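K.L.:
What follows is a structure written as structure tokens; I'll ask about it next.
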Amino acid sequence: MKEQITTIATKINKMTRLNLFFTFLLTVFIIMGCSGQKELVSPTPQYNTALIPLPVSKLNIPVNLKLAVLETIINSQLTGLLYEDKDFNDGDRMKVKVYKRNPIRLSGKENEIRYKIPLTIQVIYDAMVTNVSASGEIELEAKTSFKIAKDWTLKTQTDLTHYVWIKKPVAQVAGMNIPLGSLADVILNNSKSYLGKQIDEMTATYFDLKAIVASAWSSITRVLSVSEEYKAWLLVNPNKVTMSPMVIQGDSIQTYLSLSAKPQLNIGEKPMTNGVTKIPDYAQVLGESQRTILVLRTKLPFSETKSLTLKQVGGQTFSSGKKSVTVEDVNYFGISWLDFKK
Amino acid sequence: MIQENINFYLTLNLNDTKKELEKQLNEYPLATGFRMKSKIDQLSVDNIQITSDGILIDMGIGGNLGIFTSTVQKK
């Protein structure tokens with residue numbers, strides 16, 4: 001028996017720290033089936049009671065939202081008739097219908113999304129004695145600026161900034177062309193806020209940042225099963241989440257989510273969560289690393305190491321020459337950790 | 001021989017954890033139209049402490065995560 005332990009001890013010097021660790025633990029075996037040997041006396045357990053503090057882990061998550069996706073959403077939602085003024089008697093003596101003529105195109109710069117919205121405008125003008133109708137084509141330009149509220153609500157503000165008549169509406173009355181462009185300009189001014197509001201509502205529906213963050217927060221505050229076989233449970237233990245300002249680079253809206261946490265992997269019984277369920281308020285940070293570095297503390301109770309070890313080597317007989325040992329039981333305890341670490 | 005039988009625990013736990021973390025993070029459905037991608041490229045044991053009731057192992061994990069827009073689902 002002593003020879004075996006000496007052999008193992010000799011090997012220790014050649015092994016990595018991890019192998020060394022487990023080999024070390026093996027020396028505490030209580031081996032009952034070693035005939036003709038004295039019972040092995042266990043060394044006195046020694047523990048370093050001052051735990052090494054678990055450093056805060058940082059999960060830095062770049063978020064990349066393709067403008068093309070937003071463009072597809074907007075185009076799928078804004079179709080056909082976009083705006084209608086059915087009332088002659090609202091001060092302008094016109095009825096107006098505004099249709100999307102071609103797909104809306106998106107681009108962006110810094111913290112603004114810009115749109116080009118090609119429209120067809122149909123105007124019916126109340127000329128007292130008769131009504132005259134005309135249609136024209138216009139390209140609107142709009143921009144959306146965005147900011148995030150404390151509760152993670154994405155607030156957008158879309159304004160029509162500019163428009164260019166591709167074809168001004170011209171009415172034909174008694175064989176004469178009467179341009180209605182200037183009157184239609186009035187209507188456009190009236191419909192500005194309507195179209196902007198439509199885009200803002202769509203953005204809020206499809207890019208519900210608050211819901212995304214809430215869903216992610218809910219996922220990471222739960223106890224996650226990592227391995228059923230080893231009864232391994234992951235607790236991320238997040239305590240802070242921040243986000244960099246959203247900026248448009250190239251064809252994407254980009255930002256960084258950063259999560260501070262002290263994750264733990266527990267082996268054995270399912271642990272309780274730390275009870276933090278409320279999403280921390282939005283906090284803006286500038287510039288984050290793209291890389292995620294986390295330190296995961298694994299808690300492996302001796303009851304589990306015993307159970308796992310017995311599952312692996314329990315009842316097995318190991319021979320060396322004429323001697324043999326049968327593993328009937330295993331107990332783990334710690335000893336001289338500081339020496340071991342050297 | 002006994003040692004070989006025991007060493008697998010830590011290796012398995014590390015590999016299981018890496019695989020499971022990647023599995024859970026990759027393509028994780030965050031919200032409609034969004035997905036997460038992860039790549040873990042660093043896995044190490046930073047510290048091991050023995051306490052009176054068990055072993056604490058601090059594993060360092062490094063990699064890259066990202067949230068991307070995925071296919072658009074019409075509402």
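K.L.:
Starting from the range B:44-71, take each residue that is more than 7 Å from every other protein chain (Cβ to nearest Cβ) and under 30 Å from A:GLN290 (Cβ atoms) and list its partners that are in a loop (DSSP other than H, G, I, E, B) and open to solvent by 10 Å² or more (accessible area, probe 1.4 Å), counting only C-beta distances under 8 angstrom and pairs at least six apart or across chains.
P.N.:
Matching pairs, first to second residue: B:SER70/B:GLY33; B:THR71/B:GLY33.
K.L.:
Separate question: Out of A:SER244, A:SER227, A:SER252, A:SER258, I need the residue that is within 20 Å of A:ASN64 (Cβ to Cβ) and in contact with a helix residue (DSSP H, G or I) (Cβ under 9 Å, 6 or more places away or on another chain). Which one?
P.N.:
Values: A:SER244 fails: in contact with a helix residue (DSSP H, G or I) (Cβ under 9 Å, 6 or more places away or on another chain); A:SER227 fails: within 20 Å of A:ASN64 (Cβ to Cβ); A:SER258 fails: in contact with a helix residue (DSSP H, G or I) (Cβ under 9 Å, 6 or more places away or on another chain).
It is A:SER252.
K.L.:
When you check A:GLU71 against the structure, is it more than 9 Å from chain B (Cβ to nearest Cβ) and part of a helix (DSSP H, G or I), yes or no? Let's see the steps before the verdict.
P.N.:
Values: more than 9 Å from chain B (Cβ to nearest Cβ): yes; part of a helix (DSSP H, G or I): yes.
Taking the combined requirement at face value, the residue satisfies it.
K.L.:
Filter the range A:269-290 down to residues that are modelled with pLDDT under 85 and within 13 Å of another protein chain (Cβ to nearest Cβ) and give me whichever is surrounded by the most Cβ atoms within 10 Å (Cβ to Cβ).
P.N.:
The residue in question is A:GLU288.
K.L.:
Taking into account only those residues within the range A:79-106 that are free of Cβ contacts under 8 Å to residues at least 60 places away in the same chain and assigned to a strand (DSSP E or B), which is farthest from A:THR203 (Cα to Cα)?
P.N.:
Selected residue: A:LYS95.
K.L.:
Just one of the numbered conditions (1) at pLDDT 80 or above; (2) surrounded by 15 or more Cβ atoms within 10 Å (Cβ to Cβ) is not true of B:ARG35; which one?
P.N.:
Checking B:ARG35 against (1) at pLDDT 80 or above; (2) surrounded by 15 or more Cβ atoms within 10 Å (Cβ to Cβ), the one that fails is (1).
K.L.:
Related question: Considering only residues that are of a type outside the set (S, T, N, Q) and either surrounded by 20 or more Cβ atoms within 10 Å (Cβ to Cβ) or under 19 Å from B:MET59 (Cα atoms) (or both), which ones fall in the range A:291-306? Break it down stepwise before answering.
P.N.:
We begin by selecting, within the range A:291-306, every residue of a type outside the set (S, T, N, Q); these are A:291, A:293-297, A:299-302, A:304, A:306.
Listed by number, the residues that qualify are A:ARG291, A:ILE293, A:LEU294, A:VAL295, A:LEU296, A:ARG297, A:LYS299, A:LEU300, A:PRO301, A:PHE302, A:GLU304.
K.L.:
Any chance you could count how many residues in the range A:226-254 are free of Cβ contacts under 8 Å to residues at least 24 places away in the same chain and within 12 Å of another protein chain (Cβ to nearest Cβ)? Before you say what the answer is, go through the steps one by one.
P.N.:
Taking the range A:226-254 and keeping what is free of Cβ contacts under 8 Å to residues at least 24 places away in the same chain, we get A:227-229, A:249-250.
Checking which are within 12 Å of another protein chain (Cβ to nearest Cβ) leaves us with A:227-229.
Summing the residues that are free of Cβ contacts under 8 Å to residues at least 24 places away in the same chain and within 12 Å of another protein chain (Cβ to nearest Cβ) in the range A:226-254 gives 3.
K.L.:
Another question about this same structure. Out of the residues in the range A:143-158 that are of a type in the set (Ser, Thr, Tyr) and in a strand (DSSP E or B), state the one that is surrounded by the fewest Cβ atoms within 10 Å (Cβ to Cβ). First the steps, then the outcome.
P.N.:
Within the range A:143-158, the first condition is being of a type in the set (Ser, Thr, Tyr), and the residues that meet it are A:144-145, A:153, A:156, A:158.
Filter once more, so that each one left must be in a strand (DSSP E or B): A:144-145, A:156, A:158.
On the way: A:THR144: 20, A:SER145: 13, A:THR156: 17, A:THR158: 23.
Going through the qualifying residues, I end up with A:SER145.
K.L.:
Still on this structure: Could you look through the range A:162-184, keep only residues that are of a type in the set (Val, Ile, Thr) and at pLDDT 85 or above, and pick out the one that is surrounded by the fewest Cβ atoms within 10 Å (Cβ to Cβ)?
P.N.:
Within the range A:162-184, the first condition is being of a type in the set (Val, Ile, Thr), and the residues that meet it are A:164, A:166, A:170, A:173, A:178.
So of that shortlist, the ones also at pLDDT 85 or above come out as A:164, A:166.
Details: A:VAL164: 10, A:ILE166: 13.
The selected residue is A:VAL164.
The values are calculated or read from the model by the stated rules, or taken from the named source; none is laboratory data. Worth saying up front: this structure is predicted, and the values here are computed from it rather than measured. So basically every Cβ, Gly included, is an ideal-geometry build from the backbone, and we count neighbours across all protein chains shown. To get the accessible areas, we keep the full protein, side chains included, count just its heavy atoms, and leave off ligands, DNA and RNA. Shrake-Rupley method; radii C 1.70, N 1.55, O 1.52, S 1.80 Å.
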